[in-house]
Amino acid sequence: HSRFRCQRLDLSGNTKDFFMTRNPDSYRKLISKGLRCLWNVPNTELYRNAHHSLGRFCFQSSQLLGKKITSLQISSVGQFPPHFSTWSVQIIRSFHTSTSLQAAPAPLFWIIVKPAQKLFAIILGRSIRNWWKALPPNKRELFKESARKNKWKILLGASSLGVVFVVFYFTHLEDTPITGRARLLVFGKEHFRELSQMEYEMWMEEYKSQMLAETDPRYQVVERVVGHLAESNKDIPEVSALKWVIHVVDEPGVNAFVLPNGQVFVFTGLLNAVSDIHQLSFILGHEIAHAVLEHAAEKASLVHFLDFLSLIFLTLIWAVCPRDSLAVVGQWVQSKLQEFMFDRPYSRTLEAEADKVGLEFAAKACVDVRASSVFWQQMELAETLQGQPRIPEWLSTHPSHENRAEHLDRLIPQALKIRESCNCPSLSGPDPRLIFRLNMQHLLESSKDQESPNSTKQDLSKPKLDFAHT
């Protein structure tokens with residue numbers, strides 16, 4: 001490896017020379033490390049088969065995923081034995097991979113400054129209101145008359161401010177990798193290096209005693225799935241540029257996320273939850289897509305832009321409202337409007353995009369992409385069995401399970417063409433989506449037959465977490 005010479009300025013003001021090797025690892029340590037992109041399924045439960053027909057891990061060679069990958073292999077996806085009953089259904093409560101309202105935060109500086117900005121806007125608006133109240137009536141009339149005479153100048157000033165925001169927005173538009181979607185990007189990945197490293201160290205410190213060894217079969221499964229996804233998509237520069245590092249945490253929570261610097265965290269609860277290797281590959285492909293598409297930097301850019309724009313409205317609210325109590329209500333209304341009109345719809349857009357790109361990653365890795373839709377049908381079934389109230393999609397940061405499954409169903413034909421173009425082995429057997437629907441019908445019929453007036457109904461809200469795997 002060649003070396004290049006750098007200079008560093010120490011605290012005394014003197015310069016010192018040092019050398020850095022010109023190799024990929026050195027560069028990777030210096031490239032951007034944004035915040036984690038989290039795949040989240042808030043307040044839901046995952047359907048499980050207690051008879052070990054689903055979710056049984058067998059570490060065998062899988063020709064479907066190539067000779068280099070060891071798979072989690074089961075029989076047909078969603079297939080149930082004839083004696084399967086409703087009491088064989090097990091639920092994992094609170095399936096989640098992040099806080100449902102979580103969005104990628106701005107760089108550390110803006111995190112610190114943002115409260116001060118809001119406080120300044122509140123103080124300024126309140127000061128304007130108090131100043132106006134203290135004016136004598138005659139001076140108020142003079143001020144209003146002056147404003148009417150100079151209304152065009154005031155309008156021109158306000159329009160100029162609006163033009164500045166519009167110009168700033170359009171001059172910071174970039175194309176999203178792979179999809180080509182235009183998006184606002186104020187912060188590049190390099191701005192997230194320190195904050196991402198802080199978060200990585202936080203996770204490592206929190207779970208240092210729960211990290212599985214590299215010799216653990218569960219670790220090896222995740223490593224081979226991620227490695228196979230990365231190898232199959234190495235033609236994409238954003239994928240090949242990152243060094244994917246695996247961390248498997250022995251934690252029952254159903255959780256998985258990928259930091260934009262390639263650090264992959266998977267909880268064993270997720271390994272216990274997925275039905276087969278294909279669902280796991282899709283989930284990890286979805287998480288990798290978040291990192292590759294730079295969703296953390298994109299969401300942080302949008303939040304920063306909207307927060308800065310909202311300072312103007314915050315100042316006006318505190319200046320116009322006659323009392324502080326009304327101003328607090330107005331500020332709350334403004335924050336909720338921003339949240340439900342911009343933040344949450346944008347988060348759902350990013351999730352749908354990650355689903356699409358993650359499905360393409362899985363297709364190029366010769367995964368049975370049809371299993372992705374089955375996974376969300378399982379999630380929908382879990383909520384139905386629990387009797388949970390359905391939250392409208394517009395209240396959530398993620399698409400509903402039903403809409404997500406339908407969206408994937410529309411994408412699957414194209415993904416199958418991608419899979420075929422990669423010379424993958426043909427898919428054998430019936431469509432797992434059809435098998436799942438038929439077995440769900442059989443499950444419901446069996447549960448009705450087994451119910452009797454004197455029988456005690458099982459409490460599905462207290463699942464048996466018995467996931468014995470090889």
Cross-link list K299/K356; K299/K364; K118/K336; K144/K336: which exceed 22 angstrom alpha carbon to alpha carbon?
K299/K364; K144/K336
Net charge near Q210: determine it from the other residues with C-beta under 11 Å of the C-beta of Q210, scoring Lys and Arg +1 and Asp and Glu -1.
-2
How much accessible surface area, in Å² rounded to 10, belongs to the heavy atoms of I123 with a 1.4 Å probe?
90
Please arrange M379, M440, M211 by accessible surface area, largest first, computed with a 1.4 Å probe and ligands excluded.
M211, M440, M379
In Å, the Kirkwood estimate of hydrodynamic radius for segment 285-328 over Cα pairs equals 12.8
Based on Cβ point charges of +1 for Lys and Arg and -1 for Asp and Glu, what charge dipole magnitude is obtained for segment 359-415 about its Cα centre, in debye rounded to the nearest 20?
120
Rounded to the nearest percent, how much of the accessible area of segment 183-426 (1.4 Å probe, protein heavy atoms only) is carbon and sulfur?
59
Would you work out which of I283, N272, S372 lies farthest towards the positive end of the dipole of segment 183-426, given +1 charges on the beta-carbon of Lys and Arg and -1 on that of Asp and Glu, about the Cα centre?
S372
Using a 1.4 angstrom probe and counting only protein chains, how large is the accessible area of L142 in Å², to 10?
120
For the E406, S146 Cβ pair and Förster radius 41 Å, calculated FRET efficiency rounded to 0.05 is 0.10
Could you grab the relative contact order for segment 183-426? Cα pairs under 8 Å, six or more apart, rounded to a whole percent.
19
Which sequence of F305, F436, F143, F170 reflects their accessible areas, 1.4 Å probe, from the largest down?
F170, F143, F305, F436
Sequence of S428, S310 from largest to smallest accessible area, 1.4 Å probe:
S428, S310
For segment 183-426, what number results from the quotient of the Cα radius of gyration and 2.2 N^0.38 Å?
1.15
Given charges at beta-carbon only (K, R positive; D, E negative), |dipole| of segment 183-426 in Debye
500
Given a Förster distance of 45 Å, report the FRET efficiency between S209 and F170 from their Cβ-Cβ distance, rounded to the nearest 0.05.
0.35
In the full protein assembly as shown, how much of W203 is accessible to a 1.4 Å probe, in Å² to the nearest 10?
20
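The values are calculated or read from the model by the stated rules, or taken from the named source; none is laboratory data. Just so we're clear, the structure is a prediction, and the values are computed from it rather than from any experiment. All Cβ positions, even for glycine, are placed from backbone atoms using ideal geometry, and neighbour counts span all protein chains on display. Just so you know, the surface numbers come from the protein's heavy atoms only, side chains and all, with ligands and any DNA or RNA stripped out. Shrake-Rupley method; radii C 1.70, N 1.55, O 1.52, S 1.80 Å.
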